[in-house]
Amino acid sequence: MSVLSGLIEALVSGRVEIVDLTAPLSDQTPILELPPEFGQTARFQLEEISRYDDRGPAWYWNNFRTGEHTGTHFDAPAHWVTGQDRAAIDAVPLTSFVAPAVVLDVTAEVAADPDFLIEIDHLRAFEAEHGALPDGGWLLCRTGWSARTTQAEMINNTATGPSSPGMSAECARWVAEESPLQGIGVETVGTDAGAAHSFDPAFPCHSYLLGNGKYGLAQLQNLDRLPPTGAVLVAAPLRIVGGSGSPARVLALTER
């Protein structure tokens, strides 16, 4: 049996399960909020063209408008100033879209502190228990934040600004410059912590990872259905010419 035939057999038999990690995309999908002096991303909007009526008697279809970084989305290196000379979304190698993934579970820590930050020591402890981080793989950060499905819950604004978990600047630099990973995936609205505007550098996951030609995935769901190791991630963004990123359908393959 060939490798691909074996995969199909395993999918049909249920020995390999497909888990959808993608948040539903609608006009209710939470979006990034920037200070008012900056440009803002667009909410997802559908505009009906026809629906089996006089505008088109046999077909239903829509136009849509949205931002590249709305909902579950893929950050290309060109998204950030540190990666401005690196790949746009249409130039990301195809091999980057199918890769191994590991899941770091910090839900208990985030339940106790919504501003919890993942540090290098957390990754070292994960490696001590589960083995080395995968070469060219994804680190998926399970925080439980995907249970927050409204704009207010996702952004979680406080007197000092947004409050949500993420990665420390030191850890983001280590992932970008020293780890074998190709990127990180998170449940929050973007890859950085809510308070990352005040970090040094500001928004270190964006700054370090994208500046080093690595990637980010944001607004993932169902990470609780994945094992700590052994999953294969399939992240399929739109091939937007010159785009900084794209909404994506993100799936995981896991063995039962």
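A few comments on the model shown:
- Members of segment 106-127 found to be under 17 Å from Val175 (Cβ atoms), surrounded by fewer than 17 Cβ atoms within 10 Å (Cβ to Cβ) and out of contact with any helix residue (DSSP H, G or I) (no Cβ under 8 Å at 6 or more places or on another chain), listed by number: Asp121, Arg124, Ala125, Glu127
- Residue match in segment 10-27 (condition: hydroxyl-bearing (Ser, Thr, Tyr), touching a strand residue (DSSP E or B) at 6+ places or on another chain (Cβ under 7 Å) and in a loop (DSSP other than H, G, I, E, B)): no
- Here Ala231 meets the list (1) over 18 Å from His73 (Cβ atoms); (2) touching a residue at least 60 places away in the same chain (Cβ under 8 Å); (3) open to solvent by 10 Å² or more (accessible area, probe 1.4 Å); (4) not acidic (Asp, Glu) almost entirely, failing just condition (3).
- When segment 234-250 is limited to residues that are in a strand (DSSP E or B) and open to solvent by 50 Å² or more (accessible area, probe 1.4 Å), the one that is farthest from Ala78 (Cα to Cα) turns out to be Arg249.
- Enumeration of residues in segment 67-89 that are hydroxyl-bearing (Ser, Thr, Tyr) and open to solvent by less than 40 Å² (accessible area, probe 1.4 Å): Thr70, Thr72
- Residue match in segment 187-210 (condition: in a helix (DSSP H, G or I), closer than 23 Å to Pro24 by Cβ, at pLDDT 95 or above and open to solvent by 10 Å² or more (accessible area, probe 1.4 Å)): no
The values are calculated or read from the model by the stated rules, or taken from the named source; none is laboratory data. These numbers come from a predicted model, not from an experiment. For neighbour counting, all protein chains shown are included, and Cβ atoms are generated from backbone atoms with ideal geometry for every residue, glycine included. Note: accessible area is taken over every heavy atom of the protein model, side chains too, but ligands, DNA and RNA are not part of it. Shrake-Rupley method; radii C 1.70, N 1.55, O 1.52, S 1.80 Å.
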